[in-house]
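Novice: Take a look at this one; I'll ask things after.
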Amino acid sequence: MPVTYSSYLRLDDLLSLQQPREGPLEHDETLFVIIHQVYELWFKVVLHELDFLQRMLRGNDTPLAAATLKRILTILKTLVAQIDVLETITPLNFLSFRDRLESGSGFQSHQFREIEFVLGGKRRSAVEHYPAGSAVRQRLEARFAQPTLWDAFLDYLAANGYALPAQRAAPSPDVQRILVEVYRKNPTVAQIAERLVDLDEGFMEWRYRHVKMVQRTIGTKPGTGGSAGAEYLLKTLNQPAFPDLWAIRSEL
């Protein structure tokens, strides 16, 4: 049987996935479900690209690393823009189906936790939130044990002739001195560093827009699934993944 547009994309399966529970959906619930399903698909792509980016950095392939960073940054813009669509759901319309989410919460997105781990935001409690022995727990355990994107960037610096300290934990004054030299004398490597700053800023922007969306929709109420809602999300703001790249701004 020849491959068609529908069979290649498995559209019958894809378009049947907007029924998270029995019974008809509230009008705005369809949008809510699809937006979050699309987010998970984009998270899958971001993880795919972050894994590729790390390989390119460790292989000292600057052109492909730069192109991959550009792709991830473009996806991030899409993730932020989707919040504009989500904000068309009014607080009252959200309340019409919020109780049906029961314990469901965005905090349970294991793919977003994986992205956080890749970017260096590793918390053991985030792994232990999932049942021991479950497939998701195993995925998170593997991600938790893996080197981070920052580790890959430091390998990239080493491949370009920079002698790095044995201690790689950030922030590091020794690494910062190397980065200042990179910015002043090596524009090719500095370009990759700047794209990492863009990536860091992009994720912080997404977090900011997300928390404002939550505040706009439910105010100071607890989040779904018993989470702390906006109160917790506020604590995640202004926590850069690559603090050394921000620390050197006053030295350039």
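The values are calculated or read from the model by the stated rules, or taken from the named source; none is laboratory data. Just so it is clear, the structure is predicted and the values come from calculations on it, not from any experiment. Because the Cβ atoms are built from the backbone with ideal geometry, glycine has one as well, and the counts that use them run over all protein chains shown.
Novice: Check every one of the helices (runs of 4 or more DSSP H) wholly within region 78-145 and list those with 1 or more residues that are over 30 Å from D244 (Cα atoms). Don't jump to the end; show me each part of the working.
Specialist: On the way: elements: 91-98, 110-118, 124-128, 135-145.
Where helices (runs of 4 or more DSSP H) fall fully within region 78-145 and carry at least 1 residues being over 30 Å from D244 (Cα atoms), they are 91-98, 135-145.
Novice: Follow-up question, since we're still on this one. Given the options F112, F94, F144, name the one that is among the hydrophobic types (A, V, I, L, M, F, W, C) and within 28 Å of A158 (Cα to Cα). Full working, then the answer.
Specialist: Working: F112 fails: within 28 Å of A158 (Cα to Cα); F94 fails: within 28 Å of A158 (Cα to Cα).
Just a single option satisfies the conditions, and that option is F144.
Novice: Restricting attention to region 146-170, report how many residues are in contact with a helix residue (DSSP H, G or I) (Cβ under 7 Å, 6 or more places away or on another chain), among the small types (G, A, S) and in a loop (DSSP other than H, G, I, E, B).
Specialist: 1
Novice: Looking at region 19-43 only, could you name the residues that are assigned to a loop (DSSP other than H, G, I, E, B), surrounded by 14 or more Cβ atoms within 10 Å (Cβ to Cβ) and not charged (D, E, K, R)? Give the derivation first.
Specialist: Let us first name the residues in region 19-43 that are assigned to a loop (DSSP other than H, G, I, E, B), namely 19-26.
Filter once more, keeping what is surrounded by 14 or more Cβ atoms within 10 Å (Cβ to Cβ): 20, 25-26.
Listed by number, the residues that qualify are P20, L25.
Novice: Additional query: With the condition kept exactly as written, say whether any residue in region 60-71 is free of Cβ contacts under 8 Å to residues at least 24 places away in the same chain, over 23 Å from I115 (Cβ atoms) and either of a type in the set (D, E, K, R) or surrounded by 13 or more Cβ atoms within 10 Å (Cβ to Cβ) (or both). Explain how you work it out, then say what you get.
Specialist: Going residue by residue through region 60-71, those that are free of Cβ contacts under 8 Å to residues at least 24 places away in the same chain are 61, 63-64, 67-68, 71.
Narrowing the set further to residues that are over 23 Å from I115 (Cβ atoms) leaves 63.
Now drop any that are not either of a type in the set (D, E, K, R) or surrounded by 13 or more Cβ atoms within 10 Å (Cβ to Cβ) (or both), which leaves none.
No.
Novice: Which residues, taken from region 15-58, are among the basic types (K, R) and at pLDDT 95 or above?
Specialist: Here is the first cut: in region 15-58, the residues among the basic types (K, R) are 21, 44, 55, 58.
The answer is K44, R55, R58.
A quick yes/no check of all residues on (1) in contact (Cβ under 8 Å) with a residue 12 or more places away in the chain; (2) within 24 Å of V33 (Cα to Cα); (3) surrounded by 14 or more Cβ atoms within 10 Å (Cβ to Cβ):
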| residue | (1), (2), (3) |
| --- | --- |
| S109 | yes, yes, yes |
| F117 | yes, no, yes |
| S125 | no, no, no |
| A142 | no, no, no |
| L149 | yes, no, yes |
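Novice: Follow-up question, since we're still on this one. Any chance region 150-162 includes a residue that's among the aromatic types (F, W, Y), modelled with pLDDT under 95 and either in contact with a Phe, Trp or Tyr (Cβ under 8 Å, 6 or more places away or on another chain) or farther than 15 Å from G59 by Cα (or both)?
Specialist: Let us first name the residues in region 150-162 that are among the aromatic types (F, W, Y), namely 150, 153, 156, 162.
Restricting the remaining residues to those that are modelled with pLDDT under 95 gives none.
No: zero hits.
Novice: Right, something else. Name every residue in region 157-170 that is exposed (fewer than 15 other Cβ atoms within 10 Å of the Cβ) and under 16 Å from P243 (Cα atoms), in order of residue number.
Specialist: Selection gives Q167, A169.
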